[in-house]
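Worksheet: the structure to be examined is printed underneath.
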Amino acid sequence: MKFFIDTANIEQIKEAHDMGILDGVTTNPSLMAKEGITGKENIFAHYKKICEIVHGDVSAEVISTDFDGMIKEAEELVKIHKHIVVKVPMIKDGVKAIKYLSSKGIKTNCTLIFSPGQALLAAKAGATYVSPFIGRLDDISVDGMELIAQLRLIFDNYGFTTQILAASIRHPVHIIQCAEVGADVATCPLSSILALLKHPLTDIGLEKFLADHKAASQKTEKVKV
Ligand code: E4P
């Protein structure tokens, strides 16, 4: 399973990249706004900065909701860097745009997926990724992970190459469940990635190893004296 980070925060992207486990980045207009990035020039410069850190796909979302607007934006976005994947919303014109962009060899990520039918349409149109939002489904008492499992089954039934990019991940258990049901990618907040590192027995074990090493070294030093 590939690990993407779901943020536009440069420090967090660098931290995940420095661990050596980062395969890509997803952003959205809310995440860009959270970093205070506004205005086309600044937004494009920020995408470029992200692309230069990460050796993998970086999703940049269009703001337009009509076909012509989305295509115009997409064509500008892909000129920023070869890592750019155009993120397109799951609406009728979005499906048309995905079809057009995939015919031109431009990678797409269909966002705001909440049902198997939406994902099926995006895959039929040739999307590189579909982004089912697990956490937002859980928030309304619908099992988000069940959607990932349904998409895995449907895509495997027909050999769709569209990758299931599990999004709206809220905690480390989501990441493990994604791996269990076969998501191709999990895009995660840094906090959820770092939480995977933690286990109390690891901390206790390491403390004991280091203490035993120190005690044995001190004993050897004393014998030498
Ligand atoms: C996906 O690409 C979105 O950016 C993101 O995962 C949405 O997550 P949220 O529901 O935490 O806003």
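The values are calculated or read from the model by the stated rules, or taken from the named source; none is laboratory data. Here the structure is a predicted model, which is why all the values come from computation and not from measurement. Don't worry about glycine lacking a Cβ; one is built from the backbone with ideal geometry, like all the others, and counts go over all protein chains shown. The accessibility values were calculated without ligands, DNA or RNA, using every heavy atom of the protein model including side chains. Shrake-Rupley method; radii C 1.70, N 1.55, O 1.52, S 1.80 Å.
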Subject >> Max mean-square fluctuation residue, GNM over the chain, Cα-Cα springs under 10 Å, options H17, H171, H213 >> reply: H213
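Using R₀ = 35 Å, calculate the FRET efficiency as 1/(1 + (r/R₀)^6) where r is the Cβ-Cβ separation of E76 and D156; round to 0.05.
0.50
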Original post:
Once the whole set of protein chains is in place, how much accessible area is left on D212, using a 1.4 Å probe, in Å² to the nearest 10?
Top reply: 80
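Return the FRET efficiency for the residue pair V142, H55: r is the Cβ-Cβ distance, R0 is 45 Å, and the value is rounded to the nearest 0.05. Provide the component values of the computation, followed by the final result.
Working: r = 35 Å, r/R0 = 0.78.
It comes out at approximately 0.80.
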Subject >> Relative contact order computed over the chain (Cα-Cα under 8 Å; 6+ residues apart), in percent >> reply: 16
Subject >> Cβ-defined net charge surrounding T162, 12 Å radius [Lys, Arg +1; Asp, Glu -1] >> reply: +1
Original post:
Can you pull the semi-axes for the range 141-225, root of five times each eigenvalue of the Cα gyration tensor, sorted largest first, whole Å?
Top reply: 47, 13, 10
Original post:
lysines near K49 by alpha-carbon distance under 23 Å, same-chain residues fewer than 8 away left out - which ones?
Top reply: K2, K14, K34, K40, K72, K79, K82, K87, K107
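Taking Rh as the Kirkwood radius, which is the inverse of the mean 1/r over Cα pairs, what is the Rg/Rh value for the chain?
1.12
In what order, largest first, do S102, S141 sit by accessible area if the probe radius is 1.4 Å?
So the residues, ranked largest to smallest area, are S141, S102.
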